[in-house]
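Worksheet: one structure, shown below.
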Amino acid sequence: MARTQILIVDDEARIRSSLAGILIDEGYEVVMANDGICAIEKLQGEGLPDVVLADIWMPGMDGLTLLKEIKNRNLDIPVIMISGHGTIETAVKAIKMGAFDFIEKPLTLEKTILIIKHALDQRKLQLENQNLRMRIKKKYEIIGCSKALKELSGQIEIAAPTNGRVYIYGENGTGKELIAREIHEKSKRKGRPFVGINCAAIPEDLIESELFGYEKGAFTGAMNRKQGKFELADGGTLFLDEVGDMSQKTQAKVLRILEESCIQRLGGVEWIKVDVRLIAASNKDLKEEIKQANFREDLYYRLNVIPIEVPSLKERKEDIPLLVDHFLREFCFENGKKLKKVNTEALDLMSCYDWPGNIRELKNLIERLVIMVPGEIITVMDIPLTLRENNQPSLREAKRDFEKYLITKTLRASRGNISKSAKMLQIERSLLYQKMKMYDIEPRKI
Ligand SMILES: Nc1ncnc2c1ncn2[C@@H]1O[C@H](COP(=O)(O)OP(=O)(O)OP(=O)(O)O)[C@@H](O)[C@H]1O
Ligand SMILES: [Mg+2]
């Protein structure tokens, strides 16, 4: 791991070298500059310092101007000012301008180290925070560039700002829940709760208490009053997933709530007003369910104000490379692994497959590959047979795949030693080199 780097900016060589000595002893890496301009140059490269220690008074560009430059450039680096005697006012000004803290001259060892530690702790927290926010955002990002997905995004844009009930339908794993969240995020209800309930996953006799809540003593075991999902979603959005699995009795109750915007907890007498936007989803054909008398037609029309159909992955195969890349990043990061790549042949294979489980199936496969494949390149040989059989390879392709697999395996066994691998494979070293180049195999990455 890269060491923590500190940039010391001071015109006095004596101060620079004594500070550097202390910090190097503490295990930090030190970079030095004798004025603001020189410091700015050091801030232009790739490896930015983690903390800047800058003197306030310097000829050329002084500490305050440097601080302003750092802030203007949006560099999230804590800046600690070093102030001489009588410059406290300026130091306070620096704090107002966004400096992390200041140390007075003459510098004391303990104080300097303590302030640097505090600055580093704060920076770490800030980075973790940013990272978390990015990850949450990424987790619910809708990825894709296909025409079908663009049309879908257009429908979301139109539906989201309204209060209209949305009915999302499509095959399993196509992203119905993701779309429901996106509609909520793009609505005026953003910032209020998004509450989901999967009607298929909750036993029939519990669904009503989940949806409407209950009063203390409403039934055996109801020790305390409990709010239901409708109440919890007040002001926000309630996502009724697998709505086709609701019993007739629950359907009747939900219908009444939609008409009156009021709920009654089980065992209660009071009617509670709720302001909830409903988004329902199903992978069942509700029209067919209505024909079979399993779903109420009146409820269907009330839920289905804005219908959104989510296309299956088979209908938008152009999205596969982007999705693969997105999930690779997500799972490599989550598992603390170096970013892996899926090579062209493997990606072609994935693009040919029909994905009956849609995006969820693809996502699960990428997670498995990230965990199971030891090298950085995912090849056809790493992909499960079910997927490969779906796409019958020619004998030539199969031979190539096997050759690549065997070379990779042998290199792995010999820990990347090419001479040893060539011997094990009983071929010339030069031929092995040629083949490695052809198959894009890098021994260091195996
Ligand atoms: N376009 C997309 N971009 C990125 N991730 C997606 C996309 N579509 C779906 N996913 C991911 O795939 C998984 C399945 O999506 P989701 O749960 O929304 O599907 P669903 O249609 O509700 O499935 P089911 O019918 O099985 O409940 C989730 O982890 C989701 O984040
Ligand atoms: Mg779902």
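The values are calculated or read from the model by the stated rules, or taken from the named source; none is laboratory data. Remember, it's a predicted structure, so these values are computed and weren't measured experimentally. Note that we place each Cβ from the backbone using ideal geometry, even for glycine, and neighbour counts take in every protein chain shown. Quick note on the areas: whole protein, heavy atoms, side chains included, nothing else; ligands and nucleic acids left out. Shrake-Rupley method; radii C 1.70, N 1.55, O 1.52, S 1.80 Å.
Worth a mention:
- Reported to the nearest whole Å, the Cα centre-to-centre distance from region 148-192 to region 101-119 is 52.
- Per residue, the average separation of C-alpha pairs within less than 8 Å and at least 6 apart gives region 314-378 a relative contact order of 46 percent.
- Cβ-based charge dipole, region 314-378, positive-most Cα from Ile359, Val342, Gly375: Gly375
- Greater than 28 Å apart at Cα, pairs in Lys42/Lys111; Lys229/Lys337; Lys176/Lys229; Lys138/Lys190; Lys226/Lys284; Lys229/Lys249: Lys229/Lys337; Lys226/Lys284
- Region 10-68 and region 201-234 have Cα centres separated by 62 Å.
- Order of exposure, largest accessible area first, which applies to His326, His184 with probe 1.4 Å: His326, His184
- Of the trypsin sites (Lys or Arg not before Pro) in region 27-106, the ones in a loop by DSSP (not H, G, I, E or B) with at most 13 other beta carbons within 10 Å are Arg73.
- Note on region 5-137: dipole from Cβ charges, positive end direction compared against Leu114, Gln130, Ala39; the farthest Cα belongs to Gln130.
- A DSSP coil position with no more than 13 other Cβ atoms inside 10 Å describes the following GluC sites (Glu not before Pro) in region 41-74: Glu46.
- Kirkwood hydrodynamic radius of the chain, Cα pairs, Å: 27.6 Å
- The chain: relative contact order in percent, alpha carbon pairs under 8 Å with at least 6 residues between: 11 percent
- Only Cα sites of region 5-137 enter the Debye sum here, all with the same form factor; the resulting log10 I(q)/I(0) across q = 0.15 1/Å is -0.67, listed in q order.
- Around the amide H of Ile103, modelled in the peptide plane, lie the amide H atoms of Met81, Ile82, Ser83, all under 5 Å away and 5 or more residues distant in sequence or on another chain.
- A DSSP coil position with no more than 16 other Cβ atoms inside 10 Å describes the following chymotrypsin sites (Phe, Trp or Tyr not before Pro) in region 81-172: Tyr140.
- Taking region 2-108 and dividing mean pair separation by its residue count, relative contact order in percent (alpha carbons under 8 Å, at least six apart): 24 percent
- Fraction of beta bridges assigned by DSSP in the chain that are antiparallel (%, nearest 5): 10 percent
- Top of Ala91, Ala422, Ala281 by mean-square fluctuation, Gaussian network on the chain, Cα under 10 Å: Ala91
- Relative to the Cα centre, the charge distribution of region 393-446, modelled as +1 at Lys and Arg Cβ and -1 at Asp and Glu Cβ, gives a dipole magnitude of about 200 debye.
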